[in-house]
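Structure, as structure tokens:
The values are calculated or read from the model by the stated rules, or taken from the named source; none is laboratory data. Remember, predicted model here, so these are calculated numbers, not experimental data. Every residue, glycine as well, gets a Cβ built from its backbone with ideal geometry; the counts of neighbours run over all protein chains shown. Side chains are part of the model used for accessible areas, which takes the heavy atoms of the whole protein and leaves out ligands, DNA and RNA. Shrake-Rupley method; radii C 1.70, N 1.55, O 1.52, S 1.80 Å.
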Amino acid sequence: PKKIDDIMGGAAAWENVDRTAVTCPLCAHGEAFFMQLQIRSADEPMSVFYRCTAKECGHRWTDK
């Protein structure tokens with residue numbers, strides 16, 4: 001299979017991000033790392049990306 005690069009910058013992109021109180025939709029853990037990126041035009045709001053802080057989960061999702 002073809003190797004696909006992580007568009008979020010891989011594991012290093014999540015090293016120095018903040019945490020917030022939000023519920024993981026997969027495991028219901030109450031805290032997640034988050035980062036905001038401008039991926040659409042400048043007149044659109046920033047996109048928020050989350051990663052669960054539970055080591056056994058690590059689920060990633062976005063705020064829509």
Segment 1-18 - residue that is within 15 Å of W61 (Cβ to Cβ) and at pLDDT 65 or above and, of those, most open to solvent (accessible area, probe 1.4 Å): V17
Filtered residue count, segment 34-64, keeping only those that are in a loop (DSSP other than H, G, I, E, B), of a type in the set (V, I, T) and surrounded by 15 or more Cβ atoms within 10 Å (Cβ to Cβ): 1
Selection count, segment 29-54, where residues are within 14 Å of N16 (Cα to Cα) and either of a type in the set (K, R) or touching a helix residue (DSSP H, G or I) at 6+ places or on another chain (Cβ under 6 Å) (or both): 2
Number of positions in segment 21-33 that are open to solvent by 40 Å² or more (accessible area, probe 1.4 Å) and either on the phi > 0 side of the Ramachandran plot or not in a loop (DSSP other than H, G, I, E, B) (or both): 1
